[in-house]
Amino acid sequence: MNALTRRQWLAGSAALPVALGYGLAPMTALADPGVNDVLPMVFNALGGISNPNLRLLAQEGEAAVGRSGTRLDARALADLRSSGTTAVNITLGYVFGDEDPFEYSVAEIARWNRNIQAHPDQLLKVRSASDIRTAKESGRTGVIYGFQNTEMLGTDAGRVATFAGLGTRVVQLTYNGANAVGAGSMVPENTGLTPFGHDVVAELNANRVLVDLGHSGEATCLDAIAASTAPICISHTGCRALADLPRNKTDQELRGVAQGGGVVGIYFMPFLAEDSFPGAVDVVRHIVHAINVCGEDHVGIGTDGGTTQIDDMPAYHKLIDDEIARRKAAGIGARGEKPGVVPFIPDLQGPDQFRKLATLMADAGLSSRVIEKVLGLNFLRLVEDVWGQ
């Protein structure tokens, strides 16, 4: 599929009315039959490449996995390919923990370089938008290196250039807590972008690294939107108007991203419902609301998960309950995390998740053009704007 310029995208876009049952009037152009048969492009703005079942095996002493519980194996790679994923922004580097943030992040980049080198027929390291098109044309998945914190910068905004040179293409300013750049979504004071944070945003812009405002507090998010001279993203979030939880974004934040030419990714996470037990229909509800706020050119997906299904749900529930308790004790948990909750949408698991979502969006009245934009083309346009062709 040939890439379109931003001007062509905007010229071809129309105002989007949304189907009955999702809050607005029915659409005049319903989705084309067969939209679920072929996925032209899936750009997952925040996802993973792993077999989560290995974490259960590790508990039984049958597999060795790292702190993140991820390891590439044949099933994870096969499911990734079967899912139709063209490109995925993975989280590597320091997020939280006892490691030295800088050293750990450099080591993680080296580890993922080795992963990709070991699977050249399946994976391609992404440095530019053209690499995503190359991945699509060659039947591989583009792997985008992204951070979910800026702790690895220390007090030196110039380290942005170092990590950009190593291939980091997306940087999230904060995790749930506060850091030297700003405040995360769980900081009660809701403080804004710090002077150092302004320096970091300027360096990210100068090095053509995509600024990600996932996990940020509202004031930090709005300040960063105003500070950035390039379009930005919220790689994985939900809509606060539909579920009033801190990890979701207000309409003001969503609108600000869109007005700057950016894209908002809707996640497959428990925060889509205030009781923390959403279903696939809730993913569509949040996509539709985001489209109504942002416009059809500014909404995508960032699942915050992988494409391999859990085999033993009761055992996995126990594992996640224990992890939630550890996150709470470490002060990095988010409101909405609680026992019995899993970090994915149970009826959107496995390699068919994007086809299922496409069908549900079509059932909701979204046209095939809009579905293709949400599944991948909007984020492709964004990285073309920020990284260059």
| Sole residue being β-branched (Val, Ile, Thr) and closer than 30 Å to ALA183 by Cβ, chosen from ILE320, ILE371, ILE310 | ILE320
| request: Determine whether GLU99 is under 24 Å from HIS215 (Cβ atoms), free of Cβ contacts under 8 Å to residues at least 40 places away in the same chain and not in a loop (DSSP other than H, G, I, E, B). | output: no
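How many residues does the range 147-158 hold that are over 17 Å from the mean Cα position of the chain (by Cα) and either closer than 19 Å to GLY97 by Cβ or open to solvent by less than 10 Å² (accessible area, probe 1.4 Å) (or both)?
Residues flagged as over 17 Å from the mean Cα position of the chain (by Cα) and either closer than 19 Å to GLY97 by Cβ or open to solvent by less than 10 Å² (accessible area, probe 1.4 Å) (or both) within the range 147-158 amount to 4.
Checking the condition open to solvent by 10 Å² or more (accessible area, probe 1.4 Å), modelled with pLDDT of 95 or more and closer than 18 Å to ASP282 by Cα, which residue from ASP251, ASP199 passes?
ASP251
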| task | For the range 111-146, name all the residues that are open to solvent by less than 10 Å² (accessible area, probe 1.4 Å) and either closer than 20 Å to PRO351 by Cα or touching a residue at least 60 places away in the same chain (Cβ under 8 Å) (or both). | result | LEU123, ALA129, ILE132, ALA135, THR141, GLY142, VAL143, ILE144, GLY146
| query | Here are some residues: VAL187, VAL200. Which one is touching a residue at least 24 places away in the same chain (Cβ under 8 Å), under 24 Å from ALA330 (Cα atoms) and either touching a helix residue (DSSP H, G or I) at 6+ places or on another chain (Cβ under 8 Å) or not small (Gly, Ala, Ser) (or both)? | reply | VAL187
| Looking only at residues in the range 51-92 that are closer than 20 Å to GLY302 by Cβ and at pLDDT below 95, which one is surrounded by the most Cβ atoms within 10 Å (Cβ to Cβ)? | PRO52
| Residues of the range 202-221 being among the aliphatic types (A, V, I, L, M) and surrounded by fewer than 19 Cβ atoms within 10 Å (Cβ to Cβ), which ones? | ALA202, ALA206, ALA219
| query | What residue, of GLY365, GLY300, GLY388, GLY306, is at negative phi, open to solvent by less than 20 Å² (accessible area, probe 1.4 Å), among the small types (Gly, Ala, Ser) and in contact (Cβ under 8 Å) with a residue 24 or more places away in the chain? | reply | GLY300
| query | Hey, among ALA230, ALA243, ALA224, which residue is small (Gly, Ala, Ser), surrounded by 18 or more Cβ atoms within 10 Å (Cβ to Cβ) and part of a helix (DSSP H, G or I)? | reply | ALA224
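Is at least one residue of the range 254-262 crowded, with 24+ Cβ neighbours inside 10 Å, part of a loop (DSSP other than H, G, I, E, B) and within 13 Å of the chain's Cα centre (by Cα)?
No.
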| note | Contact list, first residue from the range 340-354 and on the phi > 0 side of the Ramachandran plot, second anywhere and assigned to a loop (DSSP other than H, G, I, E, B) and modelled with pLDDT of 95 or more, beta-carbon distance below 6 Å, six or more apart or interchain, is GLY350/GLN309
| note | Going through (1) part of a loop (DSSP other than H, G, I, E, B); (2) open to solvent by 50 Å² or more (accessible area, probe 1.4 Å) one by one, GLY333 fails only at (2)
| request: Quick one: which residue in GLY192, GLY167 is touching a helix residue (DSSP H, G or I) at 6+ places or on another chain (Cβ under 6 Å), of a type in the set (Gly, Ala, Ser) and at pLDDT 95 or above? | output: GLY192
| field | Where VAL281 falls short, out of the listed (1) touching a Pro at 6+ places or on another chain (Cβ under 6 Å); (2) at pLDDT 95 or above; (3) open to solvent by 10 Å² or more (accessible area, probe 1.4 Å) | value | (1)
| request: Go through the residues of the range 336-349 one by one and say whether even a single one is in contact with a helix residue (DSSP H, G or I) (Cβ under 6 Å, 6 or more places away or on another chain), part of a helix (DSSP H, G or I) and open to solvent by 60 Å² or more (accessible area, probe 1.4 Å). | output: yes
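The values are calculated or read from the model by the stated rules, or taken from the named source; none is laboratory data. Just so it is clear, the structure is predicted and the values come from calculations on it, not from any experiment. Using ideal geometry, Cβ is built from the backbone for each residue, glycine included, and neighbour counts are taken over all protein chains shown. Quick note on the areas: whole protein, heavy atoms, side chains included, nothing else; ligands and nucleic acids left out. Shrake-Rupley method; radii C 1.70, N 1.55, O 1.52, S 1.80 Å.
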